[in-house]
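Presented below is the structure to which this report refers.
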Amino acid sequence: NSGVVSLLRPLLLDVVPSVRQTAALGLGRLADYNVDLAEAIVKAGILPQLVCSLPEENRYYKKTAAFVLRAIAKHSPQLAQAVVQCGALEALVICLEDFDPGVKEGASWAFDYIARHNPELSQAVVDAGAVPLLVLCIQEPEIALKRIAASTLSDISKHSPELAQTVVDAGAIAHLAQMILNPDAKLKRQVLSALSQIAKHSVDLAELVVEAEIFPVVLTCLKDSDEYVKKNGATLIREIAKHSPELSQLIVNSGGVAAVIDCIGSCRGTVRLPGIMMLGYVAAHSENLSMAVIVSKGIPPLCACLIEEHEDHIKAAAAWALGQIGRHTAEHARHVAGANVLPTLLDIYVDTRSSEDLKMKASIFAKKALKNILQKCTHLPALEPLLHDAPPSIMKHIIGQFSKVLPHDSKARRLFVTTGGLKKVQEIKAEPGSLLQEYINAINNCYPEEIVR
């Protein structure tokens, strides 16, 4: 408000290097503070001046100038675009080739804050020739430089298969894979994130990540003391598992499913989410893979997530995963129903407090999971409690299952009367001629008329 920006601008051209550097630092800190100040600095026409002098300046100034560019670019795609338009990318590429690791680190930060916004800005970073130099940076000895270079490669890769392919073509995967066992937790987080962002786009890219022999090494990350390393490790496994039955089978063979199940059991909150999703993806591919999740004792921790977690999106993911496990055959459904999960799913489905977030509405996933499991379920003890509480949209599926099982099972018929199931069926009002009425008739036909009366 006092006009400091216009006072600092001429100081960027001062004859004394330390004055130039300190003026730049002041501008960087202002820009970093909020979006309005960053916009004011751009409007003052300072960027071209800053960039123009960059190649001739000393390493201290280069670091500070890179900080100004990053502080402006971080706020919005529009401000990042302003940084690109003033010719900053070419100057920053020169900084990536600098002898001083601090200058390289500053340039990597700036590239990261530009690339993360959208595919167009990411493509501009690629077109400037930054990717091969960033791959060289992850091979440098300095941990801080490795971290930010890996983070930048991650943010470039995330937008599209083409951008991820550019990172792959520069030879990044092999170097990233070697760093999975690095003792530095913050570096591991970024490395796992970068590999995830590459693997997520297609089967081909996921296979390239797997071919770098990340299994079984990556499974050690699921036992890491750092929560983000755990989460990013599970995310990487999820992004590979989702693509194909073959990739999921490879994960099963390397002990990945058991390791993810242990991870879900040992943590709480959003750290669980990628592991939950991974189990759902694996189970969805085939009967055999779903059975591999069951045999590895994957159902109990997913049931625990339904009960223990308060966030609707985590409950929704657990419900979805259980639905994928139970939907294949009667045997699969029996395992899920036998864990007493159906009443819990029903509770979530009818809970009026469930969030209204349409994308991840827990009740929708609970309903789908119930339907998936009920279509195959012949486990009567698990179905019985639902008869007394289920809403009409689910009731049809439950009655349908009883109408299939009761005609062939005398013990089940006896139980159905003594637990009040048959009485409940008589209370259901069904449209004459409807499928539900047919199911009810089929059940009633299993008994003598006076018992039904």
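The values are calculated or read from the model by the stated rules, or taken from the named source; none is laboratory data. In this text, all values refer to a predicted model and were calculated from it rather than measured experimentally. Quick reminder, even Gly has a Cβ in these numbers, built from the backbone with ideal geometry, and neighbours come from all protein chains shown. SASA here: full protein model, heavy atoms, side chains in, ligands and nucleic acids out. Shrake-Rupley method; radii C 1.70, N 1.55, O 1.52, S 1.80 Å.
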SER193 passes all but one of the listed conditions (1) surrounded by fewer than 19 Cβ atoms within 10 Å (Cβ to Cβ); (2) under 15 Å from ALA172 (Cβ atoms); (3) of a type in the set (Gly, Ala, Ser); the exception is number (1)
Determine which member of the set LEU374, LEU383, LEU370, LEU406 is touching a residue at least 40 places away in the same chain (Cβ under 8 Å) and farther than 30 Å from GLY280 by Cβ. LEU406
Are there any pairs, at least 6 apart or on different chains, whose C-beta atoms fall under 8 Å, with the first in the stretch 250-276 and among the charged types (D, E, K, R) and the second open to solvent by 20 Å² or more (accessible area, probe 1.4 Å) and part of a helix (DSSP H, G or I), and if so, which? ASP262/LYS223; ARG268/GLU308
Could you list all residues from the stretch 197-211 that are open to solvent by less than 30 Å² (accessible area, probe 1.4 Å) and of a type in the set (Gly, Ala, Ser)? ALA199, ALA206
Would you confirm whether any residue within the stretch 278-297 is within 20 Å of GLN197 (Cβ to Cβ), modelled with pLDDT of 95 or more, out of contact with any strand residue (DSSP E or B) (no Cβ under 7 Å at 6 or more places or on another chain) and open to solvent by less than 10 Å² (accessible area, probe 1.4 Å)? yes
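Would you mind finding the one in LEU96, LEU163 that is under 28 Å from the mean Cα position of the chain (by Cα) and not small (Gly, Ala, Ser)?
Working: LEU96 fails: under 28 Å from the mean Cα position of the chain (by Cα).
When all the criteria are applied, what remains is LEU163.
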Residue pairs meeting the criteria (Cβ under 9 Å; at least 6 apart or on separate chains; first in a loop (DSSP other than H, G, I, E, B), in the stretch 138-155; second crowded, with 23+ Cβ neighbours inside 10 Å and β-branched (Val, Ile, Thr)): ILE138/VAL191
For ARG70, which of the numbered conditions (1) surrounded by fewer than 21 Cβ atoms within 10 Å (Cβ to Cβ); (2) basic (Lys, Arg); (3) closer than 26 Å to LEU145 by Cβ fails to hold? (1)
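Here are GLY275, GLY255, GLY265, GLY233: which of them is of a type in the set (Gly, Ala, Ser), in contact with a helix residue (DSSP H, G or I) (Cβ under 9 Å, 6 or more places away or on another chain) and at positive phi? Working first, answer last.
Values: GLY275 fails: at positive phi; GLY265 fails: at positive phi; GLY233 fails: at positive phi.
Result: GLY255 is the single residue among GLY275, GLY255, GLY265, GLY233 that is of a type in the set (Gly, Ala, Ser), in contact with a helix residue (DSSP H, G or I) (Cβ under 9 Å, 6 or more places away or on another chain) and at positive phi.
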Are any residues in the stretch 80-114 more than 17 Å from GLU142 (Cβ to Cβ), of a type outside the set (Gly, Ala, Ser) and open to solvent by less than 10 Å² (accessible area, probe 1.4 Å), and if so, which ones? VAL83, LEU89, LEU92, ILE114
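When the residues of the stretch 339-352 are narrowed to those that are touching a residue at least 40 places away in the same chain (Cβ under 8 Å) and open to solvent by less than 50 Å² (accessible area, probe 1.4 Å), which ends up nearest to PRO300 (Cα to Cα)? Give the steps one after another, and end with the answer.
Keep residues of the stretch 339-352 that are touching a residue at least 40 places away in the same chain (Cβ under 8 Å), which gives 339-344, 346, 348-350.
Retained after the next criterion (residues that are open to solvent by less than 50 Å² (accessible area, probe 1.4 Å)): 339, 341-344, 346, 348-349.
Values: ALA339: 7, VAL341: 9, LEU342: 13, PRO343: 14, THR344: 13, LEU346: 17, ILE348: 17, TYR349: 20 Å.
Among those residues, the one meeting the criterion is ALA339.
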Filter the stretch 4-21 down to residues that are surrounded by 13 or more Cβ atoms within 10 Å (Cβ to Cβ) and over 14 Å from LEU50 (Cβ atoms), then give me how many there are. 2
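Where in the stretch 51-109 are the helices (runs of 4 or more DSSP H), entirely inside, with at least 2 residues that are hydroxyl-bearing (Ser, Thr, Tyr)?
Details: elements: 59-73, 77-85, 88-96.
Because the criterion is at least 2 residues that are hydroxyl-bearing (Ser, Thr, Tyr), the helices (runs of 4 or more DSSP H) in the stretch 51-109 that meet it are 59-73.
Kindly establish whether CYS52 is farther than 20 Å from TYR33 by Cα and open to solvent by less than 60 Å² (accessible area, probe 1.4 Å). Break it down stepwise before answering.
Details: farther than 20 Å from TYR33 by Cα: yes; open to solvent by less than 60 Å² (accessible area, probe 1.4 Å): no.
For CYS52, the condition - farther than 20 Å from TYR33 by Cα and open to solvent by less than 60 Å² (accessible area, probe 1.4 Å) - is not met.
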Taking the criterion of being in contact with an Asp or Glu (Cβ under 7 Å, 6 or more places away or on another chain) and either closer than 27 Å to LEU219 by Cβ or open to solvent by 30 Å² or more (accessible area, probe 1.4 Å) (or both), would at least one residue in the stretch 158-174 satisfy it? no
For GLU57, state whether it is modelled with pLDDT under 95 and under 17 Å from PRO132 (Cβ atoms). no
So which residues in the stretch 255-277 are buried (at least 19 other Cβ atoms within 10 Å of the Cβ) and out of contact with any Lys or Arg (no Cβ under 7 Å at 6 or more places or on another chain), if there are any at all? GLY256, VAL257, ALA259, VAL260, ARG272, LEU273, GLY275, ILE276
Can you find, within the stretch 219-253, the residue that is farthest from PRO183 (Cα to Cα) among those that are buried (at least 16 other Cβ atoms within 10 Å of the Cβ) and β-branched (Val, Ile, Thr)? VAL252
Filtered residue count, the stretch 406-426, keeping only those that are open to solvent by 30 Å² or more (accessible area, probe 1.4 Å), within 17 Å of PRO392 (Cβ to Cβ) and within 45 Å of the chain's Cα centre (by Cα): 1
With closer than 21 Å to SER290 by Cβ and either modelled with pLDDT of 80 or more or not hydrophobic (A, V, I, L, M, F, W, C) (or both) as the only criterion, which of GLY323, GLY400 stands out? GLY323
Scan of the stretch 410-433 for residues that are free of Cβ contacts under 8 Å to residues at least 24 places away in the same chain, under 24 Å from LEU342 (Cβ atoms) and not in a helix (DSSP H, G or I), ordered by number: LYS429, ALA430
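Could you run through the stretch 393-429 and say how many residues are under 17 Å from ARG453 (Cα atoms) and among the hydrophobic types (A, V, I, L, M, F, W, C)?
So in the stretch 393-429, the residues under 17 Å from ARG453 (Cα atoms) come out as 413-414, 416-429.
Still in the list and also among the hydrophobic types (A, V, I, L, M, F, W, C): 416-417, 422, 425, 428.
Counting residues in the stretch 393-429 that are under 17 Å from ARG453 (Cα atoms) and among the hydrophobic types (A, V, I, L, M, F, W, C) gives 5.
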Here is a check on your reading of the model: is GLN123 among the polar types (S, T, N, Q), open to solvent by 10 Å² or more (accessible area, probe 1.4 Å) and without any contact (Cβ under 8 Å) to a residue 24 or more places away in the chain? no
